[in-house]
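S.K.: Below is one structure. I have some questions about it.
Values quoted throughout were computed directly from the atomic coordinates according to the rules given, and no laboratory measurement underlies them. Here the structure is a predicted model, which means the values were calculated and not measured. Here the Cβ positions follow ideal geometry from the backbone for every residue, glycine too, while neighbour counts run over all protein chains shown.
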Amino acid sequence: MESNDKTTTRQRWVVGNWKQHLLRAEADTLGRELIAGLSPELIDRDDSVRIGIAPTFVALESTRPWTRPAGPLWLFAQNVAAQESGAFTGEVGPAMLLDAGAGGAIIGHSERRKHYSEDDGLIASKVRGALDAGLRVILCVGEPLEVRQAGDHESHVISQLSAALSHLTPEHFTDRLLLAYEPVWAIGTGVAATPADAAAMHRRIRGWMEEHYSRPGADRSILYGGSVKPGNAGELIAAGDIDGFLVGGASLRAESFLSIIQSAATE
Ligand code: PGA
């Protein structure tokens, strides 16, 4: 892990994706429990691990006391519009997220690709628009089960990545651009990728980035997501090449999320 090297844009992150869960009061309570459970070293040492939460749009405001700049957590939205503003019913643009206190957005999550038909072109526009507006981006890529079974997982993920980054210029490759490898078959199933398989994909992604973008373009945090739990977080991080986690189900309870954070911070 190179996170203490000031020339690198790699940083360890653990981000909770709360999906379509928690009413505002529940989001507030979970934020409060997280802060109460975080050890002072974790809160003060920004270079150890950064801890993020991604509530629903309507709960962004209620988590503000726990998120930057008032609190230590980093606040992400789960989605963002591709366009700045206009006649786009139901959409929320990058400036609106910044205005609501979010510093970043998850883009290209497989649930959005699957249930809302988000394609590579739309995701590329969202990535570009969010970075232009000053947001941090967690760009998600990952293969479905049948693609892995056919042995095409690496080419599938590289094709998603290449498309999503296709609208960017060298100036966009700052530490605000994070990647997350989330195999679709591991999300919400209880079956995480093995540490070896996850690390292999992270190396493939990093290798491809190095071939296509000069350092520091290639040198960024790659998180793993998909059934991360207290019981497997330590071995996943220990495999190397994994810079942290995007956590769904296990981020909805303070105890399990804090345990994952602790593993990410100490390994
Ligand atoms: P999970 O979800 O941890 O519940 O598998 C991860 C994600 O969708 O980001």
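S.K.: For the chain, what does the relative contact order come out to in percent, with C-alpha contacts under 8 Å and a separation of six or more? Can you show the working numbers first?
M.R.: On the way: 521 pairs, mean separation 57.3, N = 267.
Relative contact order here is 21 percent.
S.K.: Taking 0.36 nm per intervening residue step and subtracting the Cα-Cα distance, what contour gain separates ARG68 from ASP132 on full extension? Walk me through the intermediate numbers first.
M.R.: Numbers: separation 64, 0.36 × 64 = 23.04 nm, distance 2.03 nm.
Answer, rounded to one decimal: 21.0 nm.
S.K.: Please build a GNM for the chain, connecting alpha carbons under 10 Å apart, and tell me which residue among HIS115, HIS153, HIS21 fluctuates the most.
M.R.: Maximum fluctuation in the GNM of the chain, among the listed residues, is at HIS115.
S.K.: What range in the chain is the longest one free of chymotrypsin sites (Phe, Trp or Tyr not before Pro) that are in a loop by DSSP and have at most 14 other Cβ atoms within 10 angstrom?
M.R.: Values: sites that count: PHE88, TYR116.
With a cap of 14 other Cβ atoms within 10 Å, the longest stretch comes to 117-267.
S.K.: Ok, one more. For PHE245, what residues show an amide H to amide H distance below 5 Å, using hydrogens built from the backbone and excluding near sequence neighbours?
M.R.: Long-range HN contacts for PHE245: TRP13, VAL14, VAL15, TYR224.
S.K.: So what's the back-of-envelope 222 nm ellipticity for the chain, counting only DSSP H runs of four-plus at -39500 (n - 2.57) apiece and dividing by all residues, rounded to 500? Numbers along the way, then the final one.
M.R.: Values: 10 runs with 102 residues, N = 267.
Computed ellipticity for the chain at 222 nm equals -11500 deg cm²/dmol.
S.K.: Shifting gears a bit: Just grab the label-to-label distance for GLU255 and GLN20, each label 7 Å out from Cα along the Cβ direction, in nm (one decimal).
M.R.: So the label points at GLU255 and GLN20 sit 2.9 nm apart.
S.K.: While we're on this one: ARG32 to ASP119: extension gain in nm, 0.36 nm per residue of separation minus the Cα-Cα distance?
M.R.: Details: separation 87, 0.36 × 87 = 31.32 nm, distance 3.64 nm.
Contour length minus the Cα-Cα distance gives 27.7 nm.
S.K.: In whole Hz, what ³J(HN,Hα) sequence does region 260-266 give by Karplus (6.51, -1.76, 1.60; θ = phi - 60°), x for Gly and Pro?
M.R.: 5, 4, 4, 4, 5, 7, 9
S.K.: Something else: Length gain on complete extension for the stretch ASP197 to ALA100, per 0.36 nm per residue less the alpha carbon to alpha carbon distance?
M.R.: On the way: separation 97, 0.36 × 97 = 34.92 nm, distance 3.77 nm.
Length gained between ASP197 and ALA100: 31.2 nm.
S.K.: Using a Gaussian network model of the chain with C-alpha springs under 10 Å, which one of THR194, THR89, THR67 is most mobile by mean-square fluctuation?
M.R.: Sorting by GNM fluctuation, first place goes to THR89.
S.K.: Now, a different point. Between region 22-40 and region 191-242, what is the separation of their alpha carbon centroids in Å?
M.R.: What the calculation gives is 28 Å, centre to centre.
S.K.: In whole Å, what is the distance between the alpha-carbon centres of region 92-129 and region 53-90?
M.R.: Result: 11 Å between the Cα centres.
S.K.: Same structure, new question: Sum up the lysine pairs in the chain that clear both bars: alpha-carbon distance under 26 Å and a spacing of 8 or more or different chains. Display every interim value, and only then the final one.
M.R.: Working: LYS19/LYS114; LYS19/LYS126; LYS19/LYS229; LYS114/LYS126; LYS114/LYS229.
Value for the chain: 5.
S.K.: Let me ask something else about it. Taking amide H positions as placed in the peptide plane 1.01 Å from N, state which residues far from LEU139 in sequence (5 or more) or on other chains have amide H under 5 Å from it.
M.R.: ILE107, LEU178, LEU179, ALA180
S.K.: Further question on the same structure: Rounded to the nearest 0.05, what FRET efficiency do GLU210 and GLU171 have when you use their Cβ-Cβ distance and R0 = 25 Å? Please list the in-between numbers first.
M.R.: On the way: r = 19 Å, r/R0 = 0.75.
For GLU210 and GLU171, the calculated efficiency is 0.85.
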